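To keep things clear, I will list the structure first and then write my remarks on it.
The values are calculated or read from the model by the stated rules, or taken from the named source; none is laboratory data. Computed from a predicted structure; not experimentally measured. Note: ideal-geometry Cβ built from the backbone for every residue, glycine included; neighbour counts use all protein chains shown. Ligands, DNA and RNA are excluded from the accessible area calculation, which covers all protein heavy atoms including side chains. Shrake-Rupley method; radii C 1.70, N 1.55, O 1.52, S 1.80 Å.
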Amino acid sequence: IIGPDFFKKSKMIDLRSDTITTPTAPMNEAMAQATVGDDVFGEDPTVNQLQQRTAEILDKEAALYVCSGTMSNQLAVRTHTQAGDEVVLEQTSHIYFYEAGATAALSGVMCKTLQGQRGVFTADQLKAALRPPDQHAPPTRLVCIENTHNRGGGSIWSIDQIAQVAEVARQHDLYLHLDGARLWNAAVATGISEKQYAQYFDSVSVCFSKGLGAPVGSALVGSRAFIDRAHHFRKQFGGGMRQAGVIAAGALYGLENHRDRLAEDHANAKVLAQAVAMVEGVEIDPDDVETNIVRIRLSEPISSQVVEQMARQGVAALALEPDSFRAVVNLHITREDIITAGQVITDAINTVRGVQVN
């Protein structure tokens, strides 16, 4: 069995996630030279600069630096709701699927899930899901969208789809939160700015440690009053950090220097999808690969065996379900790596399926 130590000891083409990157030399230099202070007292100048710049890019009043995307999303839920409320979101969304039941544990809210198409649901679905006011029902308070959508294979919500959902939310006095962990990818892929996406939302979470390659952190943005309230809950959740400028400097460097280069990751992901699409037993449409995530579905429930076989040949990926796995391109992956990975994936699938490999 291949465990975590295998990836540490081996030189791998690591496509498990875009969270596995290490700081580049210039990012390390920025972190080493960071001016720091006590962030709990609001005195860390680098954290303050990162927060101000993030809010500026998203055209919101304020931002709050936190340790992870999960914390950022859960702060949004806690700040927008009270115990007993209901949150509407897509059934494979990160908030619902990957955040350890935190909506219930930390905010005491219920989730109503919608079945989207690659993570994208419609305004009509939202409208149909809303409960009429009734003392027997939890009040619906918040709607969450994830863009790009992780389990949707890096799928992008169109701006029109967002506008339509936002209109329904406004008509029913609901808050709207964007899990924009990979919003940077959506902006680069579409040419639609982050602030154009963000205009429809009461709060937005963005991540620095995925596509931007920083070692730690996300930010929650919104109105000043919203962020002031979220600040209280960050402390309550144990998220107050002290001399956090050391890591905030890495996030700030990535924000200013690594956004445009995401286009390279998207191009490499497309090349990988095109290579793998030719393999017998693979179900993938390269046109569905819009950003840096390639979700590969197999005609047989052999994904774990395929991923283990790939690792033995020097390529790491992540099994999602018995019949699917994903490869995520990041800033350490070159076009040469992608060509190698395409061949390794092909050989691994054929080997596990018992097909002769030349």
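Summary table below
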quantity	calculated
Given (1) over 30 Å from residue 325 (Cβ atoms); (2) out of contact with any strand residue (DSSP E or B) (no Cβ under 6 Å at 6 or more places or on another chain); (3) open to solvent by 10 Å² or more (accessible area, probe 1.4 Å); (4) not charged (D, E, K, R), number of the condition residue 216 does not satisfy	(1)
Sole residue being open to solvent by 80 Å² or more (accessible area, probe 1.4 Å) and more than 15 Å from residue 72 (Cα to Cα), chosen from 118, 131	131
Some residue of region 98-114 being exposed (fewer than 13 other Cβ atoms within 10 Å of the Cβ), aliphatic (A, V, I, L, M) and under 18 Å from the mean Cα position of the chain (by Cα)	yes
Options 327, 319; residue that is part of a strand (DSSP E or B), open to solvent by 30 Å² or more (accessible area, probe 1.4 Å) and either under 19 Å from residue 293 (Cβ atoms) or of a type in the set (A, V, I, L, M, F, W, C) (or both)	319
Failed item, numbered, when residue 266 is tested on (1) within 23 Å of residue 198 (Cα to Cα); (2) not in a helix (DSSP H, G or I)	(2)
Residue 30 vs. criteria in a helix (DSSP H, G or I), open to solvent by 30 Å² or more (accessible area, probe 1.4 Å), farther than 13 Å from residue 144 by Cβ and free of Cβ contacts under 8 Å to residues at least 12 places away in the same chain	no
Test: residue in region 254-274 that is without any contact (Cβ under 8 Å) to a residue 24 or more places away in the chain, of a type outside the set (Ser, Thr, Tyr) and open to solvent by less than 10 Å² (accessible area, probe 1.4 Å)	yes
The one condition in (1) closer than 21 Å to residue 92 by Cβ; (2) open to solvent by 60 Å² or more (accessible area, probe 1.4 Å) that residue 278 fails to fulfil	(1)
